[in-house]
Amino acid sequence: MEMQEPNSKFIKLRCPKCKNEQITFGKAATKVNCLVCGKPLAEPTGGKTRFKARILEVLD
């Protein structure tokens, strides 16, 4: 029996306001705000997250 690989990823974002880099889940269930300035970086859509910041890297 073969195990399924998860299809969810972690995403590294850069805040457009303060340039802080932050890692968040690709299917976040809550709003994600910048930890430094508080600007919203991502919002949930019921599935994949809608990002409002620049995506720097997709982490496995």
### Message
What FRET efficiency comes out for Leu56 versus Val36 if R0 is 25 angstrom and r is the Cβ-Cβ distance? Round to the nearest 0.05.
### Response
0.95
### Message
Net charge around Gly26, counting only other residues with Cβ within less than 9 Å of its Cβ (Lys, Arg = +1; Asp, Glu = -1)?
### Response
+3
### Neighbourhood net charge (12 Å Cβ-Cβ; Lys/Arg +1, Asp/Glu -1) for Asn7
+1
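What number comes out for the charge environment of Asp60, summing +1 per Lys or Arg and -1 per Asp or Glu over other residues with Cβ under 15 Å away?
Result for the local shell: +1.
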### Task
Tell me which residues come under 5 Å, amide H to amide H, from Asn20 once H is placed; ignore anything under 5 positions away on its chain.
Cys15
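Where a number appears in this text, it was derived from the coordinates with a stated rule and is not lab data. It should be emphasised that the depicted structure is a prediction, and the values quoted were computed from it without experimental measurement. Heads up, the Cβs are rebuilt from the backbone with ideal geometry, glycines too, and the neighbour counts pull from every protein chain shown.
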